[in-house]
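J.: Would you mind keeping the following structure in view while I ask a few things?
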Amino acid sequence: MRRKVSVIGAGNVGATTAQLVVQSGIADVVLFDVVDGMPQGKSLDIAEACPLWNSPSTIIGTQNYADTEDSAIVVITAGFARKPGMSRNDLLHANAGIIKEVCTEIATTSPNALVIVVTNPMDVMAHLAWKTTEFSCKRVMGMGGLLDASRLRTFLSLELHVSPEDIEALVLGGHGDDMVPLSRFITVKGIQITELLPKKKIDALIERTRNGGAEIVSLLKSGSAYYAPAAATFQMIRSILLDEKRMLPCAVYLNGEYGAKDIYMGVPVVLGKEGVEKIVEIKFTKEERAHFRKSCLSVRKMVEKLSI
Ligand code: NAI
């Protein structure tokens, strides 16, 4: 039997994530939004593509949480996206209320679900989702580092004229301006990037990654990125539903790992049917540790503002 993935928030990221899940045929989807008719319309449109995709999946749109009952995974994309000139952190208070409302509902309708939080500022919203649902922290995680790493791999691919498939990169820390891209772990088919590009160039591509979200926001003028965010979210969904045990950077609850306590931060984890099955710890250099701590501090400040 196909399991149920509910996507809360049928905007750009939510609807595109729903599309990817349905197209893959690995789950049925419920698309929820507060806007009357919109999730129903998008769902019908996606459903009408299933014959062309040869997908057996079903999808419905709804304003009723009862339809999301007993979801295997709930993806939260509900909330405001940033506008040009805004940082992710500027969305803190507006989105916190929405996350609380959504999580209170899903805690009762889908008590066994795994939760993937996308809404920004994502690390803080993941923390809030964990607190509100009172689920095990293994079942509540956030999407961020996977997208940042994909952006970096894209820029490296364009620079090197090498397929992005052969490029590995790791971006840890908070999914904000203080994210921690680790140049030491960038490889192309196992070859260290420093063998292939000068440091100055690598640094410039890392800087572009740091501003990758803002670059798209300023081009779009209204709304923010959604194709790559949805693709990253789908990779997490797939790893869980198919128990693939992919090692992916995700925002997870740290309780001593990486020297951080009681905070959601992006680190490499193994994702399988149980959710966060393992947190993979790597030894930081002095410089990396300082950078990671700085990123923790930015997230911590926001967590304190919400008194979570
Ligand atoms: P969007 O504006 O296209 O969609 C958001 C949807 O949430 C809207 O349809 C809105 O009606 C709905 N919504 C608002 N309040 C709701 C509620 N109480 N319950 C259910 N639905 C509700 O925004 P988009 O582009 O889809 O982005 C969604 C969120 O994801 C934003 O906060 C954005 O910053 C974040 N984001 C995070 C990324 C990450 O890497 N973690 C990447 C891209 C976006």
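J.: Touching a residue at least 40 places away in the same chain (Cβ under 8 Å), part of a loop (DSSP other than H, G, I, E, B) and surrounded by fewer than 24 Cβ atoms within 10 Å (Cβ to Cβ): which single residue out of ASP36, ASP70 fits that description?
T.: Values: ASP36 fails: touching a residue at least 40 places away in the same chain (Cβ under 8 Å).
Residue meeting the stated conditions: ASP70.
J.: Tell me which residues, restricted to segment 1-32, are open to solvent by 20 Å² or more (accessible area, probe 1.4 Å), modelled with pLDDT of 95 or more and not in a helix (DSSP H, G or I).
T.: Passing the criteria: ARG3, LYS4, GLY11, ILE26, ASP28.
J.: Give segment 87-129 a look and list any residue that's in contact (Cβ under 8 Å) with a residue 24 or more places away in the chain, within 16 Å of VAL13 (Cβ to Cβ) and assigned to a helix (DSSP H, G or I), or say none.
T.: ARG88, LEU91, ASN95, ILE99, VAL102, MET122, MET125, ALA126, ALA129 - these are the residues of segment 87-129 that are in contact (Cβ under 8 Å) with a residue 24 or more places away in the chain, within 16 Å of VAL13 (Cβ to Cβ) and assigned to a helix (DSSP H, G or I).
J.: Check off (1) in contact with a strand residue (DSSP E or B) (Cβ under 6 Å, 6 or more places away or on another chain); (2) open to solvent by 60 Å² or more (accessible area, probe 1.4 Å) for LEU220 and give me the number that stays unchecked.
T.: That leaves (1) as the condition not met.
J.: Report yes if some residue within segment 89-110 is within 12 Å of the ligand (Cβ to nearest atom) and touching a His at 6+ places or on another chain (Cβ under 8 Å); otherwise report no.
T.: The first filter runs over segment 89-110 and keeps only residues within 12 Å of the ligand (Cβ to nearest atom), leaving 89-92, 94-106.
Still in the list and also touching a His at 6+ places or on another chain (Cβ under 8 Å): none.
No, segment 89-110 contains no residue that is within 12 Å of the ligand (Cβ to nearest atom) and touching a His at 6+ places or on another chain (Cβ under 8 Å).
J.: Residues that are more than 15 Å from the ligand (Cβ to nearest atom), open to solvent by 10 Å² or more (accessible area, probe 1.4 Å), assigned to a loop (DSSP other than H, G, I, E, B) and under 25 Å from SER307 (Cα atoms): does segment 146-163 have at least one?
T.: No, there is no match, as no residue in segment 146-163 is more than 15 Å from the ligand (Cβ to nearest atom), open to solvent by 10 Å² or more (accessible area, probe 1.4 Å), assigned to a loop (DSSP other than H, G, I, E, B) and under 25 Å from SER307 (Cα atoms).
J.: Identify, please: which residue in segment 211-265 is farther than 29 Å from ARG289 by Cβ and among the small types (Gly, Ala, Ser) and is, among those, farthest from the ligand (Cβ to nearest atom)?
T.: Taking the candidates together, the pick is SER218.
J.: Let me ask something additional. Being over 24 Å from ARG300 (Cα atoms) and either assigned to a loop (DSSP other than H, G, I, E, B) or within 11 Å of the ligand (Cβ to nearest atom) (or both) is the filter here, so list the residues in segment 73-86 that pass it. Steps first, answer last, please.
T.: Quick first cut of segment 73-86, residues over 24 Å from ARG300 (Cα atoms) only: 73-74, 84.
The answer is PRO84, and nothing else.
J.: Still on this structure, please answer the following. For segment 231-263, which positions are touching a residue at least 40 places away in the same chain (Cβ under 8 Å) and touching a Gly at 6+ places or on another chain (Cβ under 6 Å)?
T.: Hits for segment 231-263 are PRO249, ALA251.
J.: Then there is this: Restricted to segment 164-194, and to residues that are small (Gly, Ala, Ser) and not in a loop (DSSP other than H, G, I, E, B), which residue is nearest to the ligand (Cβ to nearest atom)? Spell out the reasoning first.
T.: Restricting attention to segment 164-194, the residues satisfying the condition of being small (Gly, Ala, Ser) are 169, 173-174, 176, 183, 190.
Add one more test, that the residue is not in a loop (DSSP other than H, G, I, E, B), and what stays is 173, 183.
Details: GLY173: 13, SER183: 21 Å.
That would be GLY173.
J.: Continuing with the same structure: Do you know which residues across segment 39-67 are part of a strand (DSSP E or B) and surrounded by fewer than 20 Cβ atoms within 10 Å (Cβ to Cβ)? Full working, then the answer.
T.: Pass one, segment 39-67, residues part of a strand (DSSP E or B): 59-62.
Passing the criteria: ILE60, THR62.
The values are calculated or read from the model by the stated rules, or taken from the named source; none is laboratory data. Keep in mind that what you see is a predicted model, and the values were worked out from it rather than measured. So basically every Cβ, Gly included, is an ideal-geometry build from the backbone, and we count neighbours across all protein chains shown. What goes into the accessible areas is simple: the full protein's heavy atoms, side chains included, and nothing from ligands, DNA or RNA. Shrake-Rupley method; radii C 1.70, N 1.55, O 1.52, S 1.80 Å.
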